[in-house]
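The values are calculated or read from the model by the stated rules, or taken from the named source; none is laboratory data. Keep in mind the model is a prediction, meaning the values are calculated, not measured. So basically every Cβ, Gly included, is an ideal-geometry build from the backbone, and we count neighbours across all protein chains shown. With ligands, DNA and RNA removed, areas are computed over all heavy atoms of the protein, side chains included. Shrake-Rupley method; radii C 1.70, N 1.55, O 1.52, S 1.80 Å.
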Amino acid sequence: MSDKKNYGFTTTILHNDRQKGIEHGSLHKPIHTSVAFGYGDARQLASVFQGKEPGFRYGRQGNPTISALEDKVTKMEQGVGTICFATGMGAIGAVFQALLRAGDHMVSSSFLFGNTNSLWQTAAGQGVDVAFVDATDVANVEAALTPATRLVFVETIANPRTQVADLKRIGALCKARGILYVVDNTMTTPYLFRPKDVGAGLVVNALTKSIGGHGNALGGSLTDTGVYDWNQYPHIYENYKKAAPAQWGLAQIRAKGLRDFGASLAPEAAHHIAVGAETLALRMERTSSNALALARMLEADERVAAVYYPGLASHPQHGISGELFRSYGSLLSFELKDGIDCFDFLNRLKLAIPASNLGDTRTLIIPVAHTIFYEMGPVRRASMGIAESLIRVSVGIEDEADLLDDFRTALAGC
Ligand SMILES: *Cc1c(COP(=O)(O)O)cnc(C)c1O
């Protein structure tokens, strides 16, 4: 398989490992469990440590199995390099640890994954000023910028209320101001959307979710798209400026974010994720069509008060989503009418499983305010548009008729 030909998304992912030549002709990159890497020549060991030649040093900073997955994610995002982490939060935490210092300012969408929201509260406690804004309108982001703003952080489709950030205009704003633009692409995945196309410099993927796709491995990644000029970033240590500026960001993140904090991806997990990634496109097609059918059915039901799904014409960012995304993804949420007990409803479902993961092959469903957003309290929930009765669904790849039937039957009992 030649690097030159423009293969499609799935062909590229399926054959990516083989391009580098896998040991013994294996079709899957083997699971390398060795923590240390020995060298016959001690001088070579030294030169690997000094970054003068490529090679592996110690498992916390990477190994061949993880490196193969990093290449795969880089291909998916069409970036210049990727670093994998033990979890999606490990990846986002590394952005904070490696790139921000006391006195810095950052702008974040207020519509966020709950633990990212919690992490930004921690950052605020450590002297990083975080402005939370409604990022569905670039004007709010622009109004929050200060001379100390180092980065802007948004999710593509926000979990759980599905607000879609003003992705393209925020990208143009960041470019004009020389600000690093970080986009969490977990809900869209690189199959539905490439943040690079709207000017993102760093892309976060929680590999745990749709990329791994089977709920059997935790993982996260940061991809440098090559769009951001690290010459403009004031906090790169001299140590990480040895290579070309395009490498500076990842060099500092691998050392300060991964090596020093140690949220390293396990090789077994990397293998599960790499195998899952082979069918990402197929699963996203199926789950998007299932989700659209379910969203339409719920919206037409008199017992349902509201449905949030970017594929519905009633969604405030339906137009922009259609322009930017290949389809609308697996995440939807809805509210039942007042007086209907959401727990009784959930307990009547036979296929959809009450559980908190996203992007699994199975449909998972969760009452948001009582579980994943419980800790943040009613005031912050209200500011994020989360009603106490909100139910989140991560739509799986079940047969559409079975899935709709499950929800229809459960609603009929309300
Ligand atoms: C799940 C999730 C994360 C965190 O990923 P973990 O692997 O669970 O740590 C980050 N961002 C988004 C949008 C997520 O859905």
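Under the shape rule built on the C-alpha gyration tensor, where the axes satisfy a ≥ b ≥ c, region 323-414 is oblate, since a/c reaches at least 1.5 while a/b does not exceed b/c. In order along region 148-165, phi translates into HN-Hα couplings of 8, 5, 9, 8, 10, 10, 9, 9, 6, 10, 6, 8, x, 8, 6, 5, 9, 5 Hz, rounded to whole numbers, per the Karplus curve 6.51 cos²θ - 1.76 cosθ + 1.60 with θ = phi - 60° and x for Gly and Pro. In the elastic network of the chain, a GNM with C-alpha springs shorter than 10 Å, the most mobile of GLN121, GLN78, GLN44 is GLN44. Determine which lysines satisfy two conditions relative to LYS209: a Cα distance under 26 Å, and not lying fewer than 8 residues away in the same chain. Once the sequence-local lysines are set aside, what remains near LYS209 is LYS29, LYS72, LYS75, LYS168, LYS196, LYS256, LYS350. Close amide H contacts of SER110 (hydrogens built in the peptide plane, cut-off under 5 Å, sequence separation of 5 or more or a different chain): VAL133, ASP134, ALA135.
Over the chain, what percent of the accessible surface lies on carbon and sulfur atoms, probe 1.4 Å?
Numbers: 8830 of 17300 Å².
Taking all protein chains in place, the chain shows 51 percent carbon and sulfur surface.
Once all protein chains are placed together, ARG286 keeps about 90 Å² accessible to a 1.4 angstrom probe. If you sort PHE9, PHE132 by accessible surface, 1.4 Å probe, largest first, the order is PHE132, PHE9. By DSSP, the beta bridges lying fully in region 62-172 are antiparallel in about 10 percent of cases. Computed from backbone phi, the HN-Hα couplings of region 248-255 come to 4, x, 5, 4, 5, 5, 5, 7 Hz, rounded to whole numbers (Karplus: 6.51 cos²θ - 1.76 cosθ + 1.60, θ = phi - 60°; Gly and Pro given as x). Could you identify which residue out of PRO367, PRO267, PRO54 has the top mean-square fluctuation in a GNM of the chain using Cα springs shorter than 10 Å? Sorting by GNM fluctuation, first place goes to PRO54.
The chymotrypsin sites (Phe, Trp or Tyr not before Pro) found in region 371-411 that occupy coil by DSSP, while having at most 14 further C-beta atoms within 10 Å, are TYR374.
Normalise the Cα radius of gyration of the chain by 2.2 N^0.38 Å (N = residues in it) and let me know the number. Don't skip to the answer; put the middle values down first.
Numbers: Rg = 21.6 Å, N = 414, 2.2 N^0.38 = 21.7 Å.
Relative to the 2.2 N^0.38 Å estimate, the chain comes out at 0.99.
Once backbone amide H atoms are built at 1.01 Å from N, ILE157 has MET187, THR188 as its partners under 5 Å, excluding neighbours fewer than 5 places away on the same chain. Ranking MET384, MET89 by solvent-accessible area of protein heavy atoms (1.4 Å probe, all protein chains present), from largest to smallest, gives MET89, MET384.
Leaving out ligands and nucleic acids, and using a 1.4 Å probe, what accessible area per residue does the chain come to in Å²? Can you show the working numbers first?
Numbers: 17300 Å² over 414 residues.
Ligands and nucleic acids excluded, the figure is 42 Å² per residue.
Comparing SER330, GLY385, HIS32 along the charge dipole axis of the chain, the residue lying farthest to the positive side is HIS32, per the Cβ-charge model. Amide H to amide H distances under 5 Å link TYR308 with SER333, PHE334, where only residues 5 or more positions off or on other chains count and H is placed in the peptide plane.
About the Cα centre, and with charges only on the beta carbon of Lys, Arg (+1) and Asp, Glu (-1), how big is the dipole of region 302-414? Nearest 20 debye, please. Mind dumping the intermediate values first?
Details: 10 positive and 15 negative charges, 53 e Å.
Its charge dipole is roughly 260 debye.
Applied to region 256-270, the Karplus parametrisation 6.51 cos²θ - 1.76 cosθ + 1.60 on θ = phi - 60° returns per-residue 3J(HN,Hα) values of 7, x, 8, 4, 7, 9, x, 7, 8, 6, 6, x, 5, 5, 4 Hz, with x for Gly and Pro. Its Cα centre serving as origin, the chain has a Cβ charge dipole (Lys and Arg +1, Asp and Glu -1) of approximately 1280 debye.
How would you classify region 311-368 from its alpha-carbon gyration tensor, with a ≥ b ≥ c the square roots of the eigenvalues: rounded for a/c under 1.5, else prolate if a/b is greater than b/c, otherwise oblate? Oblate, since a/c reaches 1.5 and b/c is not below a/b.
I'd like the distance separating the alpha-carbon centroids of region 4-31 and region 303-380, in whole Å. Each part's Cα centre sits 36 Å from the other's. Of the trypsin sites (Lys or Arg not before Pro) found in region 341-386, the ones in coil according to DSSP and having at most 13 other Cβ atoms within 10 Å of their Cβ are LYS350.
Report note on the peptides 321-331, 302-312: ranked by the mean count of other C-beta atoms within 10 Å, highest first, their order is 321-331, 302-312. Ordered from largest to smallest accessible area (heavy atoms of protein chains, 1.4 Å probe), the residues ASP405, ASP17, ASP338 come out as ASP338, ASP405, ASP17. Working from label points 7 Å from Cα in the Cα-to-Cβ sense, the HIS370 to SER356 distance is 1.5 nm. Region 41-100 and region 130-202 have Cα centres lying 25 Å from one another.
Rounded to the nearest 5, the antiparallel percentage of DSSP beta bridges internal to region 282-412 is 85%.
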